[in-house]
1. So residue 87 ticks every box in (1) in a helix (DSSP H, G or I); (2) surrounded by 13 or more Cβ atoms within 10 Å (Cβ to Cβ); (3) free of Cβ contacts under 8 Å to residues at least 40 places away in the same chain; (4) assigned by TED's automatic domain parsing to the domain that holds residue 178 but one. Which box is left unticked?
2. Of the numbered conditions (1) outside any helix (DSSP H, G or I); (2) touching a helix residue (DSSP H, G or I) at 6+ places or on another chain (Cβ under 9 Å), residue 186 satisfies every one except a single condition; which is it?
3. If you check residue 48 against the conditions, is it touching a residue at least 12 places away in the same chain (Cβ under 8 Å), in the same structural domain as residue 17 (by TED's automatic domain parsing) and under 28 Å from residue 187 (Cβ atoms)?
4. Is there a residue in the stretch 98-108 that is surrounded by 14 or more Cβ atoms within 10 Å (Cβ to Cβ), over 17 Å from residue 159 (Cα atoms) and touching a strand residue (DSSP E or B) at 6+ places or on another chain (Cβ under 6 Å)?
5. Name the helices (runs of 4 or more DSSP H) wholly within the stretch 1-62 that hold at least 3 residues that are modelled with pLDDT under 90?
6. Which numbered condition trips up residue 82, out of (1) outside the structural domain of residue 136 (by TED's automatic domain parsing); (2) surrounded by 11 or more Cβ atoms within 10 Å (Cβ to Cβ); (3) in contact with a helix residue (DSSP H, G or I) (Cβ under 9 Å, 6 or more places away or on another chain)?
7. Can you name the residue in the stretch 33-55 that is touching a helix residue (DSSP H, G or I) at 6+ places or on another chain (Cβ under 7 Å) and buried (at least 16 other Cβ atoms within 10 Å of the Cβ) and, of all such residues, is farthest from residue 9 (Cα to Cα)?
8. Among (1) under 27 Å from residue 138 (Cβ atoms); (2) part of a loop (DSSP other than H, G, I, E, B); (3) free of Cβ contacts under 8 Å to residues at least 60 places away in the same chain, which single condition is residue 92 missing?
């Protein structure tokens, strides 16, 4: 089933088309459009429902975009950064930040999960632990005029496996600072086409 993407949204998504094959790109546009419209928990199933595709016979193709389809995630991150800089910071200083977050996950198949201190529920007198995946995100810090505050817009996110997971697979465990350093080096190697022109 084909869905029609509004021209205004399609024009915003267009820079990302080059990172995907044509069949995958069709599915990606539907997922992104549905993710914008979905309220509550955002899953592939809920996205298809809000897009009127709950009877889609080949629904598994949309799930495969996230777990099987091959597409360059780093290139998508670079394009996203380029677009955000063009929209929010056409000139001026570019400031980035890095922060981690814990995604609560359970189950034997979640190999990279660990036990971490929950910074939200913990206090000076009580430490609350949480089981899940730790993600590290690099964000572009921009001042949104209508919000009256600075927003942190993520463009590159990596999974930081737990120490137990690294030991299990006999890998060198990387601390958050190691992942952050690697992410900064990676962004530094991005083509500089997204940077605003230098002042003479």
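1. Going through the list (1) in a helix (DSSP H, G or I); (2) surrounded by 13 or more Cβ atoms within 10 Å (Cβ to Cβ); (3) free of Cβ contacts under 8 Å to residues at least 40 places away in the same chain; (4) assigned by TED's automatic domain parsing to the domain that holds residue 178, residue 87 breaks only (2).
2. Residue 186 satisfies every listed condition except (1).
3. On the way: touching a residue at least 12 places away in the same chain (Cβ under 8 Å): yes; in the same structural domain as residue 17 (by TED's automatic domain parsing): yes; under 28 Å from residue 187 (Cβ atoms): no.
Here the answer is no, as residue 48 does not meet what is asked.
4. No; the residues of the stretch 98-108 include none that is surrounded by 14 or more Cβ atoms within 10 Å (Cβ to Cβ), over 17 Å from residue 159 (Cα atoms) and touching a strand residue (DSSP E or B) at 6+ places or on another chain (Cβ under 6 Å).
5. Here the list reads 7-13.
6. All conditions pass for residue 82, except number (1).
7. Among those residues, the one meeting the criterion is 44.
8. (3)
The values are calculated or read from the model by the stated rules, or taken from the named source; none is laboratory data. Keep in mind it's a predicted model, so treat the numbers as computed, not measured. We place every Cβ from the backbone using ideal geometry, glycine too, and count neighbours over all the protein chains shown.
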